[in-house]
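Undergrad: Before I ask anything, here is the structure I am working with.
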Amino acid sequence: MPLPESAVEFMSRQIERVRQIRGRKRIVFPEGGDPRVQEAAARLAREGLADPVLIGKPPASAPAGVTFIQPEASPNLSKYAAIYHERRRSRGITQVEALEIARRPEYFGQLMVAAGDADGSVCGAVYTSKDTLRAMIHCIGVAPGTRLVTSLFILAVRNRSYGHKGLLGICDASTVIDPSSVELADMAITAANAVRLLFETEPIVALLSYSTKGSGGKHKLVDKVVEALRIVKARAPELNVDGELQADTALVPSVAASKAPGSTVAGRANTLIFPDLNSANIAVKMVQRLGDAEAIGPFIQGLAKPANDLSRGCSVDDIYHVAIITCLQAERARLGG
């Protein structure tokens, strides 16, 4: 089945925006031996959208415009090891251990980004999300003032009346397992900033629950979301956010009119903040499979420099799409956004 129209339009727009960037971004792919990564990188190079760098041994017929780097032969290996040692020596990592770790492709690629030798990274086609995120956090680190590294999926559905022309920002379906109220608030603000960048519209943020405005009774799960709303409103008073809201209340105007009359978010939400990873991950996968939706991402939020995770079941198109968004994140970082 073809992609939802909302997904096609969204990615076409992002590709157009990348073409408008002055100078191609250098994106590193630590899993350079994977055929899917090689094909996606070749496409990016062929279309002039990025300068891909693949970590690993080049194949017999390397794609045009794609650079291959083998860590053990790189003149930058000692520099990257020194960066890693500086970041992790307080945790007991020795110089010898740092050199050994820097040789590992998933770390070498992230250290390229940390050193400024690449503008962003895309990894996770082979490595688990746990290993990928650990390398990103250890090598690149979190952005100044950031308390939480989280993620955002773009869910493109076929019914364009939902969200922003069929697009929904979903947080967090891959990173934070059981967020506190403070962490939910951080997630909402960070996700809103990402939606503003990617959708090019103002975020309308719903903090989701099994309850709408007390309909589920008094419970700690409801209280967590209510407290998160209070924190968001205090930290980002300009943000259009509401909760606690059930999913149908957040998305369907007729339900919103009945359950949350007067809410400026209910029935209009384009950014959905789930109360935990369980509910978010289950929801994304069910909508993706049963609703023939397209899940684009996840995109990691809160790192000092752009780096994104993939699913090990990703397709060539998935890798290509995540790389496109990584280019946009890199340009925003360059501009200080």
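The values are calculated or read from the model by the stated rules, or taken from the named source; none is laboratory data. As the structure is a prediction and not an experimental result, all values here were calculated from the model. Glycine gets a Cβ as well: all are built from the backbone with ideal geometry, and neighbour counts include every protein chain shown.
Undergrad: Taking the condition surrounded by fewer than 20 Cβ atoms within 10 Å (Cβ to Cβ), touching a residue at least 24 places away in the same chain (Cβ under 8 Å) and out of contact with any strand residue (DSSP E or B) (no Cβ under 8 Å at 6 or more places or on another chain), does residue 91 pass?
TA: Considered against the rule, which asks whether it is surrounded by fewer than 20 Cβ atoms within 10 Å (Cβ to Cβ), touching a residue at least 24 places away in the same chain (Cβ under 8 Å) and out of contact with any strand residue (DSSP E or B) (no Cβ under 8 Å at 6 or more places or on another chain), residue 91 comes out as no.
Undergrad: In the range 104-151, which residues are surrounded by 21 or more Cβ atoms within 10 Å (Cβ to Cβ), in a strand (DSSP E or B) and modelled with pLDDT under 95?
TA: Selection gives 150, 151.
Undergrad: Additional query: So if I check each of 206, 256, 228, which one is more than 29 Å from residue 311 (Cβ to Cβ) and of a type in the set (A, V, I, L, M, F, W, C)?
TA: 256
Undergrad: Quick check: is even one residue across the range 299-313 at positive phi, in a loop (DSSP other than H, G, I, E, B), surrounded by fewer than 23 Cβ atoms within 10 Å (Cβ to Cβ) and under 24 Å from the mean Cα position of the chain (by Cα)?
TA: yes
Undergrad: Could you grab the pairs with beta carbons closer than 7 Å, sequence gap of 6+ or different chains, first residue in the range 58-76 and touching a residue at least 40 places away in the same chain (Cβ under 8 Å), second one not in a strand (DSSP E or B)?
TA: Here the result reads 76/117, each pair linking the range 58-76 to a residue that is not in a strand (DSSP E or B).
Undergrad: Also, quick follow-up: Specify which of the listed residues (250, 236) is in contact (Cβ under 8 Å) with a residue 24 or more places away in the chain, surrounded by 24 or more Cβ atoms within 10 Å (Cβ to Cβ) and either under 29 Å from residue 135 (Cβ atoms) or of a type in the set (Gly, Ala, Ser) (or both).
TA: One residue alone meets the criteria, 250.
Undergrad: Give just the number: which of (1) outside the structural domain of residue 156 (by TED's automatic domain parsing); (2) assigned to a loop (DSSP other than H, G, I, E, B) does residue 268 not satisfy?
TA: (1) is the only condition that residue 268 fails.
Undergrad: Among the residues of the range 49-90, count how many are in a helix (DSSP H, G or I) and touching a Ser or Thr at 6+ places or on another chain (Cβ under 6 Å).
TA: 0
Undergrad: Another question, if that's okay. Could you please find all residues in the range 22-42 being more than 19 Å from residue 126 (Cβ to Cβ) and either crowded, with 16+ Cβ neighbours inside 10 Å or modelled with pLDDT of 95 or more (or both)?
TA: Matches in the range 22-42: 24, 25, 26.
Undergrad: If I filter the range 166-193 down to residues being more than 12 Å from the chain's Cα centre (by Cα) and not in a helix (DSSP H, G or I), which single residue comes out as farthest from residue 223 (Cα to Cα)?
TA: This residue is 166.
Undergrad: List the number of the failed condition for residue 27; all other conditions in (1) in contact with a Pro (Cβ under 8 Å, 6 or more places away or on another chain); (2) in a helix (DSSP H, G or I) hold.
TA: Here residue 27 meets the rest and fails (2).
Undergrad: Hey, another quick one. Taking the range 108-149 on its own, how many of its residues are touching a Cys at 6+ places or on another chain (Cβ under 7 Å), in contact (Cβ under 8 Å) with a residue 60 or more places away in the chain and closer than 21 Å to residue 73 by Cα?
TA: The total comes to 3.
Undergrad: Taking residue 319 as the residue in question, decide whether it is in contact with a helix residue (DSSP H, G or I) (Cβ under 7 Å, 6 or more places away or on another chain), part of a helix (DSSP H, G or I) and outside the structural domain of residue 185 (by TED's automatic domain parsing).
TA: The answer is yes for residue 319.
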